[in-house]
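Engineer: Sharing a structure, written as structure tokens. Questions coming.
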Amino acid sequence: MPSRTGQPSAVPQTGAAITGCGAITGLGPDTASFWSGLVNGRSGIRHWLGKDSRIDSKIGGDLSDFQLSGYLADVGQDYPEDLAHKAKKLLRATPLSGVLTAAVAMQAWVEAGLHESPAPAARCAHVCAGHNLGHAYISENLKTFDEDPEYIEPLFGVHHLDTDVVGVTCELLGIRGPSFMVGAACASGNIAIITALGLIRSGAADVVLVTGAPVAQDSLVLQGLAMIDALCTGTFDDEPERASRPFDALRAGFVPSEGGAAVVLESAASARRRGVAPLAALLGGACTSNAHRLTKPDQNGQERAMREALTTAGMAPDEVDYVNAHATSTPLGDATEVAAIKSVLGARAAEIPVNSTKSMTGHCLSASGVVEFVATVLQLRHGIVHPTINQEKQDESLDLDFVPNEAREHRMGTALSNSFGFGGMNSCVAVGAVS
Amino acid sequence: MLTRDQIFETLKDNLHLISEETRGKEISEDASLAEYGTDSLELIEVASRTMKQLNVKVPRTEVSKIDSIGELVTLFEKAAHKD
């Protein structure tokens, strides 16, 4: 059982070692810049590049100008030459989501030392969190199709499939065990992590790469989200960095983002065999359904996910040292989650920090669970909680410690990370520090 | 009128661009694409790109049957002259 506040524990038999992390967000192209941005309270939100000017959504975590060749030139020394070369060749004609997924996967793979001290390829799995990744690519090709069907992208038949992202990453890293996608809207990331833990616990794999595939944002989808009043539009269009403001009284909807992340999970025995020290431990996780298709959050479903996650991790509520909230910056969503956290953690809720990574990254949608999992691991390791930025006008009804605007030291033994999705999907994972 | 040489040169440029294995190699009309290590998906990309650049439409079912660059040039030549 994990120990309390700041006392590290080992990777439990029922959990998994976290041995590698990767992230590319509006805060930067790797985990170092991600952490630096988080701890300094920097916003990764800016004006969209190249979106249809008629849509209501004007701002987001735009990564559409990401160039693989420039990225590999910048970080090339961090990768074995053959891996960087293979990436360049494989990803040449790949749509943005696949390129970014492969790039974050490489980061996590190399940090886990799998390029130097490999695990058997058939014992390595890949669970990719996400779905509807290719909307922007499909929309672009539809325009070409309208002019002349003959001239759509020649490999559209392969690249329009979400599974192309899984396939290209497996080919790049030589993963030959189970590989598939997990789709659960904005809960996809956590549920992919929970699924990966299941693969390790069942013995189906020793090492599981979990990717939160960045969603290349599409004008059509953005307009659809704006029309159901989910997005922050208008108010902060001239000050994009102020738009994502979870818990704040002026919050007015989420700010979509193209960021993504990856983690390597593995059995404690596999990490030992390979001589790799875990960064942290995945202790458990759970997901629930609201039995409700619409977007309205459900406190009961969120509470059940958190309670069951604690049970799977063998933790009591008063053993939670920190919560990375789903906290998207929507008026109802944030209030519902705060009520759920208070109900589950009781008096403990008032004693611990509860922050929102999305205040800086924006909402990475189906990748957000993995992005925030990486943020949680980094905070546990550094003993620092990042701020929730843009806390300017307190919402009197929300009274937890949201770590307003400034990072601070906070020793943690354990943490929870929440992710909830449209379609009534709730999820929570528990993470522990290790010595 | 599009000449055979123009078609060959365009195809060759696209082959070098798309199929990494062919870079730096002399491309001859007689050699088979398999010899250069060009796979079937790369061939589709080369043909599509060339079709767009030359504004010539070649039946895609025929593209998948070709073996050498020369056969591909002939396919484009026939289609260009038919237009």
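The values are calculated or read from the model by the stated rules, or taken from the named source; none is laboratory data. Owing to the predicted nature of the structure, the values given are computational and were not obtained by experimental measurement. All Cβ positions, even for glycine, are placed from backbone atoms using ideal geometry, and neighbour counts span all protein chains on display.
Engineer: Considering only residues that are free of Cβ contacts under 8 Å to residues at least 12 places away in the same chain, of a type in the set (S, T, N, Q) and touching an Asp or Glu at 6+ places or on another chain (Cβ under 9 Å), which ones fall in region B:51-73?
Structural biologist: Correct list: B:Asn55 only.
Engineer: Listed residues A:Ala226, A:Ala213; which is more than 22 Å from A:Leu416 (Cβ to Cβ) and surrounded by fewer than 24 Cβ atoms within 10 Å (Cβ to Cβ)?
Structural biologist: Answer to the check: A:Ala226.
Engineer: Exactly one condition in (1) among the hydrophobic types (A, V, I, L, M, F, W, C); (2) closer than 23 Å to A:Ile228 by Cα; (3) without any contact (Cβ under 8 Å) to a residue 60 or more places away in the chain is not met by A:Leu294; state its number.
Structural biologist: (3)
Engineer: Additional query: State which residue pairs qualify: first residue β-branched (Val, Ile, Thr) and inside region A:243-263, second residue in a loop (DSSP other than H, G, I, E, B) in any location, beta carbons under 8 Å apart, and separation of 6 or more residues or different chains.
Structural biologist: Within 8 Å, the pairs are A:Val255/A:Ile45; A:Val255/A:Cys232; A:Val255/A:Ala243; A:Val255/A:Ser244; A:Val255/A:Ser329; A:Val255/A:Gly362.
Engineer: Let me ask something else. Go through region A:141-229 and tell me which helices (runs of 4 or more DSSP H), entirely inside it, have 2 or more residues that are within 14 Å of chain B (Cβ to nearest Cβ) and either free of Cβ contacts under 8 Å to residues at least 40 places away in the same chain or of a type in the set (Gly, Ala, Ser) (or both).
Structural biologist: The helices (runs of 4 or more DSSP H) meeting that bar are A:156-159.
Engineer: Which residues, counting only those in region A:346-357, are surrounded by fewer than 24 Cβ atoms within 10 Å (Cβ to Cβ) and in contact with a strand residue (DSSP E or B) (Cβ under 9 Å, 6 or more places away or on another chain)? Steps first, answer last, please.
Structural biologist: Of region A:346-357, the ones surrounded by fewer than 24 Cβ atoms within 10 Å (Cβ to Cβ) are A:346-353.
The answer is A:Ala349, A:Ala350, A:Glu351, A:Ile352, A:Pro353.
Engineer: When region B:63-83 is examined, which residues are found to be at pLDDT below 90 and either facing another protein chain (nearest Cβ under 10 Å) or in a helix (DSSP H, G or I) (or both)?
Structural biologist: B:His81, B:Lys82
Engineer: Condition test on A:Ala243, is it at pLDDT 95 or above, buried (at least 23 other Cβ atoms within 10 Å of the Cβ) and more than 18 Å from A:Val370 (Cβ to Cβ)?
Structural biologist: Values: at pLDDT 95 or above: yes; buried (at least 23 other Cβ atoms within 10 Å of the Cβ): yes; more than 18 Å from A:Val370 (Cβ to Cβ): yes.
In short, yes.
Engineer: Further, regarding this structure: Could you count how many residues in region B:28-50 are in contact (Cβ under 8 Å) with a residue 12 or more places away in the chain and at the interface with chain A (Cβ under 8 Å from one of its Cβ atoms)?
Structural biologist: Qualifying residue count for the region: 4.
Engineer: Looking only at residues in region B:51-62 that are at the interface with chain A (Cβ under 10 Å from one of its Cβ atoms) and assigned to a helix (DSSP H, G or I), which one is surrounded by the fewest Cβ atoms within 10 Å (Cβ to Cβ)?
Structural biologist: B:Arg60
Engineer: Could you say which residue among A:Ser64, A:Ser53, A:Ser117, A:Ser97 is hydroxyl-bearing (Ser, Thr, Tyr), out of contact with any strand residue (DSSP E or B) (no Cβ under 9 Å at 6 or more places or on another chain) and closer than 21 Å to A:Leu155 by Cα?
Structural biologist: A:Ser64
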